[in-house]
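A short write-up of the structure that comes next.
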Amino acid sequence: MYVLENGSYLRKSGGNLALFRDGRVEEEIDLEHLEQLILVGYTSISGAVLRMLIRSRVETVLLNPRGGFEGRLSVDEHKHVGRRKAQYLRLSDPGFALETARSIVGGKLRGQARFLALRGKQLGVDSLLARAATIRAMERSALDPAVDLDIVRGIEGQGTRVYYEGFPRLVRNPAFTFKGRNRRPPLDPVNALLSFVYTLLTSEVLTAIKIVGLDPYLGALHLEDYGRPSLACDLVEEWRVFLADRFVLALINRSVLSPDDFVYRKIEDTDFVDEEDLKGKRPVEMKPATSRALLKSYEKWMEQRVKPPDGDQRLTYRGLILEQVRRFERYLLGELKAYQPFPWSQVG
Amino acid sequence: MKPPAEAAPKRPAAPDFELLFSRLRSFIIENREIEKCREILRKMDVLQRLNPEQCLEWSRLAQMAGEMDVACRTLGDLNRRHPAFEPGWREHIELLVLLGKGAEAAALRARAQGAIPGFGQHDAQPVHTGDGGGDFQFLDEPFAAMKREERLIARYMALFQGREDCFARQWADRNAGTSGYVPVRRAIEPADVRDHLRGLKTYGIYLLRRDSRVATGVIDADLKQAYRTGAALAKERSGIQRECAYLVERVQELGKPMNLFALPEFSGGKGYHFWFFFEEPVPARPLKEALAALAGALRPDLTFFDLEVFPKQDQLAGKGLGNLVKLPLGLHRVTGKPSYFLPKRSGDVWQALEVLEGAAYSTLEKKDPPLGKTGSGGGVLIHPRQGEWIARFPELHRLLERCPPLGQLITACRNGKAMGVREEKILFATVGFLKRGKTLLHALLQPVPEYNPHLVDYKLSRLRGTPLGCRKIHTLLGVALDFCRFDSPLPYAHPLLHCREWMTEDLPVAAERVENLADALEHLRRSLDLVTRFLPAVRETS
């Protein structure tokens, strides 16, 4: 798999591909062993390369400069058929779906407990430690083979409630307050930030799912619903704390943001007809310049590299998400016995 | 008959703990009757009747309900009663670690190892106690940039202030060759300024406010129509460039004694805008008069540029909005050229805007006549670098002030512009005749790209005759300005008469043109000598 950066140009070079940058050959890519090519941002390929990719059946994915999915070179989706068939069949099996949901909820709760425990120790706040223990017990309970899917969902909800009850102690900037999680629409700047970043993160997972070739609309934990990318909603859970909450809290606690960076409205009519109506009636939202800066900051954040526990190569956070979705795909195909959510505690 | 057997006493049914656990779990995860759940979980005597797995479940439920003490005591009891039950030790240790009781956890681990040989030996998976990566430092950068942009836009809007309720948008139809402005009837906002700076839109401001006061004044220097295109522009290009540099420097110099501090800007169109800012809006009329006086003092020195003062009106009349001026930076919609603050264009608009942080406010309190050909600098606030230059080379400063053509050359040299043959000849044949001619010429030509000290010395050694006269200088430079008037006994006027005290005393007094045959022959001989020196080179190249 090759991810090409902005300004790169691919040309045919014998039986290989030559990667050009600033008029110079940067790398020769052996087409024989190339399974997937991901073109990011403003990269270009020649017509000859296009034909080679089609002939060699290399899965070619186009992403925008921010890493969002734009499209795929549709050759013949013979690989996807197998993947999707496995996804539909296995996730339709209630036992398999329950096992999958358990893993997903377990991963989410483990992340929340770990985060509260870390911060509780750093800040010397015992109540955070107690909440971490509560959530950890819930995680164990969710993994209990005796509980059914409804209980798993209930445990996930209650664990999240306990987590957000501890969240105010994580906000260390006196200019901001957090009185509980609210959304659709968020009522205060912290909730607005969380919602915004969760949305970005969900689209990251959605992109990864599309790159891998799975159907984003069928999941295990989240029910099938019209227009809801349930699988993306499932697989984003394990990243919320590690990628979104830590990012939002860093911005708030480092006083990078101030309450003046938000627009406040007094909304009396709280009946929202549709998404557009909801957007127009948000009681609090970031100023346009703040959104722009946040997106830039988020980009820098997602481009950070860490060494995953089971690999030698340092990956960006975006790369980690893609790796996890690939792991999920192998799990669906039966290559892995269980799906293990992102093991945060093993990342150095 | 056998007496009827006594009915065996009815044993109470064994409690269904699984049902209890299920109910408790349901109540806890639904967040219902939590206090009641806690009350039940505190009944520790039940533990005696539970098997190890059920004890573990009891402890988990207590943990879920927030009863950490109960959970710890349950696990403690479990480990005491069933020391071989490994999960009990594990969960107890983990709970203590989570609660920040590291020492107790370590002691418990030792006890567990005593009870279960090899306990924990296979827990090889490293658990990091850090955040797991993530450098937060650089996340600030985009926000720092945002704050900087906001600060610069606020400064921009504070300086370039026009009418409060209206501004103008420039439009251009390049195919039809038409352009103009349409009023936008609302206050200009930071988002508009941002669009303007990015070149997406081009806006102008109506300088007169509704109360007929002005916070920003402008002198507009436009290239005269005749020189804007075609052969005239090509022919006079070097003269125009020279005059540009001179104009920019002189507007600022002349403005200073009047407390009018100009910020020069290339407008992206026909010329330059010189912006004057006022901390508090001032009446239009005195501002207009002050700027007109400044422009008037400079106008006689200019050949290629016309000067106009904005605002042109004293007050608003009728429905009119008064004159408008395009805002600086951004793109000129007609020419497509970017506007920039002088002296040089910066690739980054935000870097360009930083110039504004040092922009000075003007006042209308002091009204000394501007320095011109006849003025003298009194009470002038001079930049330290400029002051140093004046102190070192008063002769050059005098010439700069009094003789516009020479002033243009001096300014061009100071700006490091390349000199043409004519321009160099003029400099040598004027400045070279001053007492400190050598020093001055070296100082002047040093910033010029082709500066060669040996060649300067050589050219100076070849200097003969008299200083170049005003008429000749004007002809050589192609300027159409009025000549200076001197009360001089000399047969012809030359710029050094502005600074007689620095002229060499034994300067031969000779007329500018050849007056007799002997002189003509001498002139011819010198010219032939000069040509002869180049002949071998000419032969070689041919």
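The values are calculated or read from the model by the stated rules, or taken from the named source; none is laboratory data. Nothing here was measured: the structure is a model prediction, and the numbers come from that model. Backbone-built Cβ (ideal geometry, glycine too); neighbour counts: all protein chains shown.
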Exercise. Which residue pairs have Cβ atoms closer than 8 Å, lie 6 or more positions apart in sequence or on different chains, and pair a first residue in segment B:440-451 that is β-branched (Val, Ile, Thr) with a second residue that is surrounded by fewer than 21 Cβ atoms within 10 Å (Cβ to Cβ)?
Worked result: B:448/B:416; B:448/B:417; B:448/B:418
Exercise. Among the residues of segment A:289-348, how many are facing another protein chain (nearest Cβ under 8 Å), more than 15 Å from the chain's Cα centre (by Cα) and surrounded by 18 or more Cβ atoms within 10 Å (Cβ to Cβ)?
Worked result: 6
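Which residues, taken from segment B:452-482, are among the hydrophobic types (A, V, I, L, M, F, W, C), out of contact with any Gly (no Cβ under 9 Å at 6 or more places or on another chain) and either touching a residue at least 24 places away in the same chain (Cβ under 8 Å) or surrounded by fewer than 19 Cβ atoms within 10 Å (Cβ to Cβ) (or both)? It would help to see each step written out before you state the result.
Taking segment B:452-482 as the starting set, the residues that turn out to be among the hydrophobic types (A, V, I, L, M, F, W, C) are B:455-456, B:460, B:463, B:468, B:470, B:473, B:476-477, B:479-481.
Retained after the next criterion (residues that are out of contact with any Gly (no Cβ under 9 Å at 6 or more places or on another chain)): B:455-456, B:468, B:470, B:473, B:476, B:480-481.
Result: B:455, B:468, B:470, B:473, B:476, B:480, B:481.
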Seminar exercise, completed: Across segment A:139-157, the tally of residues that are closer than 18 Å to residue B:95 by Cβ, surrounded by 22 or more Cβ atoms within 10 Å (Cβ to Cβ) and more than 8 Å from chain B (Cβ to nearest Cβ) stands at 2
Seminar exercise, completed: Going through (1) among the aromatic types (Phe, Trp, Tyr); (2) within 26 Å of the chain's Cα centre (by Cα); (3) modelled with pLDDT under 85 one by one, residue A:262 fails only at (3)
For this session: Scan segment B:489-537 for residues that are of a type in the set (Lys, Arg) and modelled with pLDDT of 75 or more and jot them down.
Result: B:525
Seminar exercise, completed: Note: among A:276, A:237, just one is surrounded by fewer than 14 Cβ atoms within 10 Å (Cβ to Cβ), away from every other protein chain (no Cβ under 14 Å) and either farther than 27 Å from residue A:108 by Cα or at pLDDT 85 or above (or both), namely A:276
Problem set entry | Lone qualifier among B:59, B:22 - being of a type in the set (Ser, Thr, Tyr), closer than 30 Å to residue A:150 by Cα and modelled with pLDDT of 90 or more | B:59
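Quick one: which of A:219, A:213 is in contact with a Ser or Thr (Cβ under 6 Å, 6 or more places away or on another chain), surrounded by 20 or more Cβ atoms within 10 Å (Cβ to Cβ) and in contact (Cβ under 8 Å) with a residue 24 or more places away in the chain?
Values: A:213 fails: in contact with a Ser or Thr (Cβ under 6 Å, 6 or more places away or on another chain).
Criteria check complete, one pass: A:219.
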Exercise. Taking into account only those residues within segment A:117-138 that are more than 9 Å from chain B (Cβ to nearest Cβ) and out of contact with any helix residue (DSSP H, G or I) (no Cβ under 6 Å at 6 or more places or on another chain), which is surrounded by the fewest Cβ atoms within 10 Å (Cβ to Cβ)?
Worked result: A:122
Problem set entry | segment A:92-115 residues that are in contact (Cβ under 8 Å) with a residue 24 or more places away in the chain, paired with ones that are hydroxyl-bearing (Ser, Thr, Tyr) (beta carbon under 7 Å, 6 or more apart) | A:100/A:339; A:103/A:339; A:112/A:163; A:114/A:345
Seminar exercise, completed: Inside segment B:96-130, the number of residues satisfying the requirement of being within 7 Å of another protein chain (Cβ to nearest Cβ) and either assigned to a helix (DSSP H, G or I) or modelled with pLDDT of 85 or more (or both) is 3
Exercise. Do you know which residues across segment B:350-380 are surrounded by 11 or more Cβ atoms within 10 Å (Cβ to Cβ), within 25 Å of residue B:155 (Cα to Cα) and at pLDDT below 85?
Worked result: B:364
Exercise. Is it the case that some residue within segment A:330-345 is assigned to a helix (DSSP H, G or I), at pLDDT below 85 and farther than 30 Å from residue A:119 by Cβ?
Worked result: no
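Tell me yes or no: at least one residue of segment B:224-239 is assigned to a loop (DSSP other than H, G, I, E, B) and farther than 30 Å from residue B:420 by Cα. Can you show your working first?
Step one: of segment B:224-239, the residues assigned to a loop (DSSP other than H, G, I, E, B) are B:224, B:228-229.
Okay, now just the ones that are also farther than 30 Å from residue B:420 by Cα, so none.
No, the conditions are met nowhere in segment B:224-239.
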For this session: Could you list all residues from segment B:37-68 that are farther than 24 Å from residue A:163 by Cβ and within 14 Å of chain A (Cβ to nearest Cβ)?
Result: B:53, B:54, B:55
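Tally the residues that are part of a strand (DSSP E or B), farther than 30 Å from residue B:211 by Cα and at pLDDT 90 or above, restricting the search to segment B:131-178. Before the answer, list the steps.
Taking segment B:131-178 first, the residues part of a strand (DSSP E or B) are B:167-173, B:178.
Narrowing the set further to residues that are farther than 30 Å from residue B:211 by Cα leaves B:172-173, B:178.
The next check asks that each one be at pLDDT 90 or above; those that pass are none.
Residues that pass the stated criteria total 0.
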Seminar exercise, completed: Residues of segment B:72-101 being crowded, with 20+ Cβ neighbours inside 10 Å and closer than 16 Å to residue B:49 by Cβ, in sequence order, are B:74, B:78
Seminar exercise, completed: Subset of segment B:332-349, residues crowded, with 20+ Cβ neighbours inside 10 Å and modelled with pLDDT of 80 or more, comes to B:332, B:339, B:340, B:341
Problem set entry | Residue count, segment A:232-262 (criterion: hydrophobic (A, V, I, L, M, F, W, C) and in contact (Cβ under 8 Å) with a residue 60 or more places away in the chain) | 9
Exercise. Quick one: which of A:186, A:174, A:168 is touching a Ser or Thr at 6+ places or on another chain (Cβ under 6 Å), surrounded by fewer than 21 Cβ atoms within 10 Å (Cβ to Cβ) and of a type outside the set (Asp, Glu)?
Worked result: A:186
